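Before any comments, here is the structure.
The values are calculated or read from the model by the stated rules, or taken from the named source; none is laboratory data. Note that the structure is a prediction, hence the values are computed from the model and not measured. No Cβ is skipped: glycine too gets one built from the backbone with ideal geometry, and neighbour counts run over all protein chains shown. Accessible surface areas use protein heavy atoms only, side chains included; no ligands, DNA or RNA. Shrake-Rupley method; radii C 1.70, N 1.55, O 1.52, S 1.80 Å.
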There are 2 protein chains.
Amino acid sequence: MSGLAREDYLADIYRLQCENPHDPVSTGSVADRRGVTAASATAMFKRLARDHLIVYRNYGGVSLTPEGQDLALGVLRRHRLVERFLADVLHIPWQQVDTYADQMEHALPDEVVDRMEVLLENPYTCPHGYPIPDKHGHFAQPDLILLRDLSVGEQVRVARVNERVPGLLRYVEDLGLMPGSLLRVSARNPVDLNVTIETEGRAHILGLRVSEAIWVERLESRG
Amino acid sequence: MSGLAREDYLADIYRLQCENPHDPVSTGSVADRRGVTAASATAMFKRLARDHLIVYRNYGGVSLTPEGQDLALGVLRRHRLVERFLADVLHIPWQQVDTYADQMEHALPDEVVDRMEVLLENPYTCPHGYPIPDKHGHFAQPDLILLRDLSVGEQVRVARVNERVPGLLRYVEDLGLMPGSLLRVSARNPVDLNVTIETEGRAHILGLRVSEAIWVERLESRG
DNA sequence: CAAGCGTTTTAGACACGCTTAAAACTCTTT
DNA sequence: AAAGAGTTTTAAGCGTGTCTAAAACGCTTG
């Protein structure tokens with residue numbers, strides 16, 4: 001009845017769609033993300049398409065139907081609320097909450113998720129800065145820029161850190177660049193694309209792998 | 001790899017074993033408890049026996065191996081800690097926590113369960129009074145008596161209420177007979193087996209269905 | 001435009017977990 | 001001891017979700 005893996009596929013399709021909104025999501029990218037073979041992804045696509053949760057054309061990738069997107073947003077809501085819960089209530093390090101939330105998110109009754117939301121006082125992002133959809137699938141979409149794309153001298157606040165880049169969370173924590181941290185771009189190297197930033201009085205040189213995994217928001221300018 | 005339903009079967013076999021420690025657990029009783037057909041239970045028994053988690057003889061019922069019992073106790077631990085968590089932290093009514101915990105218990109990583117235990121300050125019973133095994137499967141086994149078996153005049157404390165008797169939790173709550181409540185047996189009817197009790201100044205007549213679903217402990221008598 | 005490479009789909013297989021229907025067994029009852 | 005009732009097991013089938021190996025496709029390159 002329920003279908004356990006289905007929702008995971010839908011959520012991953014949604015995430016991939018967001019990362020690259022222009023083209024449809026390829027079989028291989030979903031298979032990679034889920035850690036299964038392309039053949040398995042194809043088989044799942046057929047089931048999801050049969051149930052009108054995705055649109056699937058042979059050799060042409062997939063996209064979510066409105067119905068599929070609703071389900072995907074529900075999974076993301078559960079996932080990110082659970083992450084917040086694990087971090088804020090159970091004090092589990094933020095490096096681990098994504099993995100744990102992946103395991104837990106399917107089994108949680110709606111009422112439990114809703115009560116967690118109340119307990120947490122309606123957070124609107126997960127600990128890594130991704131938005132938490134409300135019960136109707138709505139969520140804030142603030143104007144964020146990749147750290148990679150900043151100019152020298154800009155002062156910004158860290159808003160989001162990609163939780164699926166191996167080792168990044170640990171690294172970012174050591175540097176004091178968690179969501180909410182303030183930083184200033186003090187230099188850019190146009191050849192190797194390194195970015196030098198200053199935060200809490202210390203300077204750090206960030207490579208491309210890092211600077212394109214961190215989103216920031218410009219500080220409100222007055223006047 | 002993991003096997004989702006397997007653990008449910010093991011836990012239910014354990015529960016049934018406790019209810020009737022003398023004979024082995026029958027196929028039908030497990031099937032009833034799990035809400036599946038006897039054929040399904042038989043099929044699962046073969047898988048569990050193949051993996052040395054139960055001992056299974058054709059037409060002869062099943063019993064847990066030490067390994068199977070360890071797993072079963074782990075499930076019970078998770079189940080009852082989650083119940084406590086749902087009741088105490090998320091304030092979900094105790095009538096519902098058993099159902100929700102059933103859904104959640106498989107998906108919870110050990111670390112999450114352990115942190116819940118710390119947050120709850122190491123409770124040793126679930127909200128209905130069943131003991132919570134520790135990480136090694138050990139748990140307190142206090143001397144409890146069925147309310148059914150009390151004599152007139154005895155003063156006792158409610159210790160445990162069977163959470164799987166339909167409607168009982170609601171009924172018991174209305175009567176003020178939650179675990180911890182004190183009561184005195186004021187009469188017994190030897191024909192219809194009704195028991196009359198007094199609690200908080202009010203008297204109630206309890207039928208057999210109720211009196212054999214509530215365990216009590218005798219109050220410490222001072223020497 | 002054809003060759004070739006990488007991606008995707010098909011084909012065939014398997015484990016899990018469930019079903020119904022029929023056969024086998026056990027136990028009680030006469 | 002045979003009959004019958006109730007329980008349990010077998011048999012056959014279905015959906016999910018995965019795999020490997022082989023075939024089909026599509027795109028880039030010579």
Exercise. Considering B:P190, B:P142, which residue is at pLDDT below 95 and under 15 Å from B:L219 (Cα atoms)?
Worked result: B:P142
For this session: Output the residue which, of all residues in the range A:1-26 that are among the hydroxyl-bearing types (S, T, Y) and closer than 20 Å to A:N162 by Cα, is nearest to DNA strand C (Cβ to nearest atom).
Result: A:Y9
Exercise. Taking the range B:18-31 only, how many residues are part of a helix (DSSP H, G or I) and open to solvent by 50 Å² or more (accessible area, probe 1.4 Å)?
Worked result: 2
Seminar exercise, completed: Only unsatisfied item for B:G129, checking (1) in contact with a Pro (Cβ under 8 Å, 6 or more places away or on another chain); (2) without any contact (Cβ under 8 Å) to a residue 40 or more places away in the chain; (3) open to solvent by less than 10 Å² (accessible area, probe 1.4 Å), is (2)
For this session: From (1) at pLDDT 95 or above; (2) buried (at least 20 other Cβ atoms within 10 Å of the Cβ); (3) under 30 Å from B:D98 (Cβ atoms), pick out the condition that doesn't hold for A:H106.
Result: (1)
Problem set entry | Tally of residues being among the β-branched types (V, I, T) and open to solvent by 60 Å² or more (accessible area, probe 1.4 Å) across the range B:132-142 | 0
For this session: Sort out which residues of the range A:42-84 are touching a residue at least 40 places away in the same chain (Cβ under 8 Å), within 16 Å of DNA strand C (Cβ to nearest atom) and surrounded by 20 or more Cβ atoms within 10 Å (Cβ to Cβ), and write them in order of number.
Result: A:L48, A:L53, A:I54, A:V62, A:L64
Exercise. Is the range B:61-70 home to any residue that is farther than 21 Å from B:R160 by Cβ and within 14 Å of chain A (Cβ to nearest Cβ)?
Worked result: no
Exercise. In the range B:93-115, which residues are closer than 25 Å to B:V172 by Cα and more than 7 Å from chain A (Cβ to nearest Cβ)?
Worked result: B:P93, B:W94, B:Q95, B:Q96, B:V97, B:D98, B:T99, B:A101, B:D102
For this session: Take A:D88 and decide whether it is among the charged types (D, E, K, R), away from chain B (no Cβ under 12 Å) and surrounded by fewer than 22 Cβ atoms within 10 Å (Cβ to Cβ).
Result: no
Exercise. Do we have B:V118 as within 10 Å of another protein chain (Cβ to nearest Cβ) and more than 20 Å from A:Q103 (Cα to Cα) here?
Worked result: yes
Exercise. Residue check, A:S29 against (1) touching a strand residue (DSSP E or B) at 6+ places or on another chain (Cβ under 8 Å); (2) closer than 27 Å to A:E163 by Cα; (3) away from DNA strand D (no atom under 12 Å from the Cβ), all met but one. Which one?
Worked result: (1)
For this session: Considering each of B:R34, B:R15 in turn, give the residue that is at negative phi, at pLDDT 95 or above and open to solvent by 40 Å² or more (accessible area, probe 1.4 Å).
Result: B:R34
Exercise. Only one residue in B:R160, B:R115, B:R148 is part of a helix (DSSP H, G or I), surrounded by 15 or more Cβ atoms within 10 Å (Cβ to Cβ), basic (K, R) and out of contact with any helix residue (DSSP H, G or I) (no Cβ under 6 Å at 6 or more places or on another chain). Which one?
Worked result: B:R115
Exercise. Would it be correct to say that B:S63 is of a type in the set (S, T, N, Q) and within 12 Å of DNA strand D (Cβ to nearest atom)?
Worked result: no
Problem set entry | Complete set of residues in the range B:190-223 that are surrounded by fewer than 11 Cβ atoms within 10 Å (Cβ to Cβ) and part of a loop (DSSP other than H, G, I, E, B) | B:P190, B:V191, B:D192, B:E200, B:G201, B:E220, B:S221, B:R222, B:G223
